[in-house]
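The values are calculated or read from the model by the stated rules, or taken from the named source; none is laboratory data. Note that this is a predicted model, so its numbers are computed, not measured. Here the Cβ positions follow ideal geometry from the backbone for every residue, glycine too, while neighbour counts run over all protein chains shown.
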Amino acid sequence: MGRAAAFFFWNVPYGGLDYHWDSCLKGYNQVNKVHQLSNSSGPHVAEDPPVFPICPGQNFQVSVLVSHLLAAQAHASDVLLQPYLLSWDELVKFMDSLGPVVSLISNEIETKTSVIRQLALLPEEGPEAEIGPNMHSQTGEKNNLKAKQHSDAYRSVRSMIRAEVDRGVVDFHHQTDSGCRTLLRLHRALLWLKLFLQKLAEMPRAGRLRSPSDLCREAYQSTLAQHHTWLVRRAAELAFIAMPERGFFFRLLCVQDQEELSVMLNRVVTTIGEIYDRTQGALEENGMLDLP
């Protein structure tokens with residue numbers, strides 16, 4: 001799949017943006033933690049859970065991904081945006097490890113995460129912010145208050161939805177460069193990856209394991225393909241032919257066989273599923289599952 005096809009595959013109107021988001025979530029430092037997870041299907045942690053080890057020599061680390069996903073679980077029905085976007089950073093590493101064809105897609109995901117990060121920075125980049133409180137103290141205090149309010153607005157999925165709806169940024173009939181619209185595209189992609197990992201975790205049927213290429217294509221057909229034209233669907237499915245074989249995933253995740261892979265991926269899928277369900281609920285409650 002060429003670059004043009006990859007562009008339309010994700011329907012992203014934005015250019016590349018640097019990540020300079022200074023987090024409003026004080027004390028969050030999950031990057032290098034090895035996270036522990038239970039064997040249960042729920043999101044709760046057991047008393048003596050097994051540990052996701054660091055996999056030497058690999059850029060993608062399951063332990064880092066799971067740490068970010070768990071940190072993103074704010075309240076019972078909300079998702080903190082900073083760890084959510086950091087989770088995507090780790091998923092991009094996973095996708096990049098699959099080869100140059102998939103990396104074209106991951107580049108578009110990076111663009112989407114950068115869009116939301118940039119939206120959280122906008123008040124700091126206005127001309128009033130450059131004047132500063134020393135020259136005009138009242139103006140400076142007002143700008144600082146607006147910046148804080150804007151930063152709080154992009155603290156979580158639900159706070160972003162409320163803020164953008166209140167400001168009239170979200171258009172339910174025409175395409176806009178809103179964080180909600182961008183989140184919806186990431187949300188759809190997360191379902192695709194979740195389903196792919198779920199299928200990859202399945203134990204063999206009749207003693208035979210299916211190829212990752214077939215599994216990825218099936219996951220796409222039941223998720224993202226529903227939002228794409230025939231031409232884009234065809235280009236995507238051709239790209240999945242280049243998916244590495246199953247042994248590659250054993251090495252990527254530092255497991256010995258399918259049984260170990262299944263245990264690890266099922267825990268990952270459960271954690272992703274919790275984030276997906278929370279985001280789905282927030283978008284559905286606000287009628288945002290079909291934003292143009």
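Quick look at the values:
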quantity	calculated
Some residue of the stretch 270-282 being part of a helix (DSSP H, G or I) and more than 20 Å from the chain's Cα centre (by Cα)	no
Search result, residues across the stretch 234-257 that are surrounded by fewer than 18 Cβ atoms within 10 Å (Cβ to Cβ) and part of a helix (DSSP H, G or I)	ARG234, GLU237, LEU238, ILE241, ALA242, ARG246, GLY247, PHE248, PHE250, ARG251
Positions within the stretch 96-106 being in contact (Cβ under 8 Å) with a residue 40 or more places away in the chain and either touching a Leu at 6+ places or on another chain (Cβ under 8 Å) or surrounded by 19 or more Cβ atoms within 10 Å (Cβ to Cβ) (or both), in sequence order	SER97, LEU98, VAL102, LEU104, ILE105
Residue match in the stretch 197-219 (condition: touching a Phe, Trp or Tyr at 6+ places or on another chain (Cβ under 9 Å) and in a loop (DSSP other than H, G, I, E, B))	no
Hits in the stretch 171-183 - residues which are touching a residue at least 40 places away in the same chain (Cβ under 8 Å) and surrounded by fewer than 20 Cβ atoms within 10 Å (Cβ to Cβ)	ASP171, PHE172, HIS173, HIS174, GLN175, ASP177
Flag if VAL263 is of a type outside the set (D, E, K, R), under 19 Å from VAL66 (Cα atoms) and not in a helix (DSSP H, G or I)	no
Residue that is farthest from GLN82 (Cα to Cα), among those in the stretch 136-160 that are at pLDDT 65 or above and of a type in the set (Lys, Arg)	ARG158
All positions within the stretch 161-182 that are under 15 Å from LEU289 (Cα atoms) and in contact with a Phe, Trp or Tyr (Cβ under 9 Å, 6 or more places away or on another chain)	GLY179, THR182
The stretch 191-217 residues that are more than 16 Å from ASP277 (Cα to Cα), paired with ones that are of a type in the set (Gly, Ala, Ser) (beta carbon under 7 Å, 6 or more apart)	PHE196/ALA219; LYS199/ALA219; ALA201/SER262; MET203/SER262
Scope the stretch 38-87; condition exposed (fewer than 15 other Cβ atoms within 10 Å of the Cβ) and modelled with pLDDT under 65; matching residues	ASN39, SER40, SER41, GLY42, HIS44, VAL45, ALA46, GLU47, ASP48, PRO50
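Residue by residue, here is whether (1) polar (S, T, N, Q); (2) at pLDDT below 85; (3) closer than 30 Å to LEU253 by Cα holds:
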| position | (1), (2), (3) |
| --- | --- |
| GLU108 | no, yes, yes |
| SER114 | yes, no, yes |
| ALA129 | no, yes, no |
| ASN134 | yes, yes, no |
| ARG162 | no, no, no |
| CYS180 | no, no, no |
| LEU183 | no, no, yes |
